[in-house]
Amino acid sequence: MIKKIETPTPFAVGTVNCHLIKKDALSIIDVGTKTPEALEAITAGLKEEGYTVDDIEQVILTHHHPDHIGWTDAFPNAKILGHVYNDAWLRRDEEFIGSHYDFYMNLLIEEGVPEKFMDWPKRMTRRPDMMGTRPLTHILKDGDEVPGHPGLFAIETLGHAQSHLAYWDEEQHALFGGDLLISHTSSNPLIEPPLNPTQKRSKSLLQYNASLKKIRSLPVEIVHSGHGKPIIQAHELINERLEKQHRRALKVLQFIQQEGPFTVYELSSLIFPAKYQKELGLTLSHTVGQLDYLMSLGYVTESSNDRGILYYGAK
Ligand SMILES: [Zn+2]
């Protein structure tokens, strides 16, 4: 049994999907945003199948973003399963959460962001408010079979989030894809701090591309996404998304070849003239992603000035 439960969010993304699945265990994949409206939608969806929140045995999480893990507290009898990075958020790991401010501040400095936007990391550290408070009871790794669901495997698919797992049903050829692939919009590879603060940031777009290719290697017939409609032509959509991203990166390369070198912030203002200030985090993440990608192809080089600001020029 697979039942999609659509829940409202207060975010621009609109609604988020939870999926009720039953095999040996009754589980719910993702649990919406921590708003009364979302909980109402979940409860109503369960009721249609004759269940209440007390019946849920497992909460299975695709990633730690607030629109997916808000209501982990609502299922008193459930185990909670997900990625180790997700657990760090749910536990409010002090060292990890505390590292966010420094991580984003250092990033903004490297990116050449002007002083007046430096309050942005403060806002980034407030996100635990929107998350459930119960930590994971079970950490899933790439390739793990999900307890209670024989034939359902966790696939680590980082990029959009450093905690992202998709769940592959090898019998049904169905993927619970979280935010890896969304039918109506492309998923944003976000720059997030590493679990271990002494490590370097991950290259989210490169991770994301690798995750898409990982999924493309499977005989996927349907993707039950975290947002919007299920996806039937997953392979086509993956190819389309990879090609589109490549084309966008080549446009960024053109800017650099014509007038570079640039900082990430300068490039961001060229690529997103209308929203680079209003959506600073998102547009910077996107630009960093394109630069990581262009560097991986050997088209662009990175250099640092004496204040630690990074510049990107054509090779
Ligand atoms: Zn989402």
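The values are calculated or read from the model by the stated rules, or taken from the named source; none is laboratory data. Computed from a predicted structure; not experimentally measured. Methodologically, a virtual Cβ is constructed for each residue, glycine included, from the backbone with ideal geometry; neighbour enumeration extends over all protein chains shown. The accessibility values were calculated without ligands, DNA or RNA, using every heavy atom of the protein model including side chains. Shrake-Rupley method; radii C 1.70, N 1.55, O 1.52, S 1.80 Å.
Quick rundown of the values:
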read-out: Computed FRET value (nearest 0.05) for LYS251 with GLU95, which takes r as the C-beta separation and R₀ as 51 Å; value: 0.80
read-out: Solvent exposure, largest accessible area first (probe 1.4 Å, DNA, RNA and ligands not counted), of PHE153, PHE272; value: PHE153, PHE272
read-out: Total formal charge among the other residues, if their Cβ is under 14 angstrom from that of GLU221, Lys/Arg +1 and Asp/Glu -1; value: -3
read-out: Relative contact order for the stretch 240-314, counting Cα pairs under 8 Å that sit 6 or more residues apart, in percent; value: 38
read-out: Residue among LEU212, LEU181, LEU253 with the largest mean-square fluctuation in a Gaussian network model of the chain, springs linking Cα atoms under 10 Å; value: LEU253
read-out: Carbon/sulfur fraction of accessible area - the chain, other protein chains in place, 1.4 Å, %; value: 51
read-out: Helix 234-259 vs. the chain, principal-axis angle (Cα, 0 to 90°, nearest 10); value: 20
read-out: Those GluC sites (Glu not before Pro) in the stretch 1-94 that DSSP places in a loop and that have at most 13 other beta carbons within 10 Å; value: GLU49
read-out: Centre separation in Å (Cα based) which lies between the stretch 224-246 and the stretch 68-110; value: 27
read-out: Accessible surface ranking that places the most exposed of ASP292, ASP24 first, with a 1.4 angstrom probe; value: ASP24, ASP292
read-out: Greater than 27 Å apart at Cα, pairs in LYS122/LYS213; LYS3/LYS244; LYS22/LYS213; LYS22/LYS141; LYS141/LYS213; value: LYS122/LYS213; LYS3/LYS244; LYS22/LYS213
read-out: Fluctuation leader among GLY159, GLY177, GLY45 - the chain, Gaussian network, Cα springs under 10 angstrom; value: GLY45
read-out: Estimated 222 nm signal from helices in the chain, with DSSP H stretches of n ≥ 4 weighted -39500 (n - 2.57), rounded to 500; value: -11000 deg cm²/dmol
read-out: Solvent-accessible surface (1.4 angstrom probe) belonging to ASP142, in square angstrom, nearest 10; value: 80
read-out: Mean projected area (nm²) of the alpha-carbon convex hull when the stretch 240-314 is viewed from all directions; value: 5.1
read-out: Heavy-atom accessible area per residue - the chain, 1.4 Å, Å²; value: 45
read-out: Equivalent ellipsoid dimensions for the chain as semi-axes, Å, which come from the Cα gyration tensor, largest first; value: 35, 22, 17
